[in-house]
Structure formats: C-alpha cells, structure tokens
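Report on one structure; see the data block that follows.
Just so you know, all these numbers are worked out from the coordinates, no wet-lab data involved. This structure is a prediction, so every number in the text was calculated from the model and none was measured. Using ideal geometry, Cβ is built from the backbone for each residue, glycine included, and neighbour counts are taken over all protein chains shown.
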Amino acid sequence: MMKEGKALDEVSKILNCGYNAPRKRKKDTIERWLDAGNKTYNAVIAKDYNEISREEIWVLIHFGKFTKREVSK
C-alpha cells in the first residue's frame with residue numbers, strides 16, 4: 001500500500017464500492033476490484049482468528065494495482 005501511496009481508508013473504499021474479482025478464491029477469502037481511470041486497484045482479505053482478543057477478524061493479505069488491457073477485435 002505504501003508503494004501505491006494508499007492508506008487503509010482507501011482499502012475500505014475498494015471493499016465497499018468495488019466489485020467482485022472475476023476469479024474464484026478459497027472459502028473465507030474475498031477479492032474486490034475498483035477501477036480508477038485506466039488502473040484497477042485490488043484488495044484481498046481473508047478471515048482469521050485473533051487468539052488475544054478471541055474473535056474472528058479480517059486480514060488484508062494483498063493490495064495491488066494493475067493497468068487494464070484493451071481487448072483487441
């Protein structure tokens with residue numbers, strides 16, 4: 001996230017305003033994409049268990065950006 005100059009509130013925006021990625025992830029893992037111009041940001045979160053607080057939590061396991069490819073006809 002630091003490399004892309006993004007903060008956690010922007011990850012929240014991707015998760016809330018983005019759309020589901022076109023690929024499947026394993027159970028309790030969510031990948032969401034958000035388009036911004038010709039770039040697409042993606043965030044992947046996974047359910048985990050925090051032993052200290054004894055509760056289920058969601059952990060950010062990936063954040064990235066890629067350029068959309070144009071589809072040739």
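What list do you get for Asp9, Asp35 if you sort them by fewest beta carbons within 10 Å?
On the way: Asp9 7, Asp35 11.
In increasing order of surrounding Cβ atoms, one gets Asp9, Asp35.
Do you know the relative contact order of the chain, to the nearest whole percent, from alpha carbon pairs under 8 angstrom that are 6+ apart?
On the way: 105 pairs, mean separation 18.1, N = 73.
Reported relative contact order: 25 percent.
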Query raised in the report: Expressed in nm to one decimal, what extension gain is obtained for the pair Cys17 and Leu60 from 0.36 nm per residue of sequence separation less their Cα-Cα distance?
Result: 13.8 nm
Report summary line: If Leu60, Leu8, Leu34 are placed from fewest to most neighbouring beta carbons inside 10 Å, the sequence is Leu8, Leu60, Leu34
Report task. Any chance you could count the Lys pairs in region 10-73 whose alpha carbons are under 20 Å apart, treating pairs 8 or more apart or on different chains as valid? Result -> 11
Query raised in the report: Just the C-alpha atoms of region 8-67: what Rg/Rh do they give, with Rh taken as the Kirkwood radius?
Result: 1.03
